[in-house]
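Structure first, commentary second.
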Amino acid sequence: MSYKRIVFGFLIGLSGLMFVSCSNSTGLEDPDGLRERIGNLKGVTVVELVPYYDFDREFLMEIEQPVDHQDSSAGTFTQRAYLLHNNESGPMVLASGGFSAASDDLHEMTVALNANQISVTHRYFSGAVPGTEDYQYLTMEQAAGDYHRIVELFKEIYPVPKGIFDKAG
């Protein structure tokens, strides 16, 4: 296990302890069950943060991803992501964080649409490094698979409005 993963795990644990110890005084309860529903998504761990911007809620997530979307025997890695949440019926912007995703990474389209936003670190960059140095899986196809999996997971919470992808005519 790498030094970075140990430190990140420690920080997540510490954040969790701080959250548990002060959740009643900071108002970070889970009144609508959103944090619990996110945590129940397959392969997702979640910690609620105090929103950096004017969003109702903010979450730091680690999402388990296959190293190879075509071959599950290649193993998995965790991919860091942040969710900025206003409401479940609003639009969602999925933003690639490139080298890393950050809680203060607000995208123009999110503001323009008054949308929710998920910012994701690209695979093999900070917060999304597989345990192997095998770069054969650092491809656009694999990255697209990562994003597709995230979209499919979060459709359970943020449904696509009916008719939005219907063909005209």
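The values are calculated or read from the model by the stated rules, or taken from the named source; none is laboratory data. If you're wondering where the values come from, they're calculated on a predicted model, not measured in any experiment. Counting neighbours? That spans all protein chains shown, and the Cβs are built from the backbone with ideal geometry, glycine included.
Anything in segment 30-63 that is in contact with a Lys or Arg (Cβ under 7 Å, 6 or more places away or on another chain), at pLDDT 95 or above and not in a strand (DSSP E or B)? List them, or say none.
If the condition is that a residue be in contact with a Lys or Arg (Cβ under 7 Å, 6 or more places away or on another chain), at pLDDT 95 or above and not in a strand (DSSP E or B), then L34 is the only one that fits.
Can you pull out every residue in segment 56-77 that is within 10 Å of the chain's Cα centre (by Cα) and over 14 Å from A128 (Cα atoms)?
F59
For residues in segment 107-125 being assigned to a loop (DSSP other than H, G, I, E, B) and out of contact with any strand residue (DSSP E or B) (no Cβ under 7 Å at 6 or more places or on another chain), which is nearest to P159 (Cα to Cα)?
Per the criteria, the residue is N114.
Any residue in segment 132-146 that's within 16 Å of T78 (Cα to Cα): show its pairings with residues that are loosely packed, with under 11 Cβ neighbours inside 10 Å at Cβ separation under 9 Å, as long as the two are six or more apart or on different chains.
Q142/Q70; G145/Q70
Would you confirm, using the coordinates I've provided, whether L94 is over 11 Å from the mean Cα position of the chain (by Cα) and among the aliphatic types (A, V, I, L, M)?
No, not satisfied.
Return a yes/no flag: does segment 54-75 have any residue that is under 22 Å from L34 (Cα atoms), surrounded by fewer than 17 Cβ atoms within 10 Å (Cβ to Cβ), free of Cβ contacts under 8 Å to residues at least 60 places away in the same chain and among the polar types (S, T, N, Q).
No, segment 54-75 contains no residue that is under 22 Å from L34 (Cα atoms), surrounded by fewer than 17 Cβ atoms within 10 Å (Cβ to Cβ), free of Cβ contacts under 8 Å to residues at least 60 places away in the same chain and among the polar types (S, T, N, Q).
Within segment 128-146, identify whether any single residue is charged (D, E, K, R), buried (at least 17 other Cβ atoms within 10 Å of the Cβ), in a loop (DSSP other than H, G, I, E, B) and at pLDDT 90 or above, and answer yes or no.
The answer is no; no qualifying residue exists.
Return a yes/no flag: does segment 115-126 have any residue that is over 14 Å from A81 (Cα atoms), exposed (fewer than 15 other Cβ atoms within 10 Å of the Cβ) and not acidic (D, E).
no
Answer yes or no: is there a residue in segment 95-106 that is modelled with pLDDT under 95 and part of a strand (DSSP E or B).
Yes, because at least one residue in segment 95-106 is modelled with pLDDT under 95 and part of a strand (DSSP E or B).
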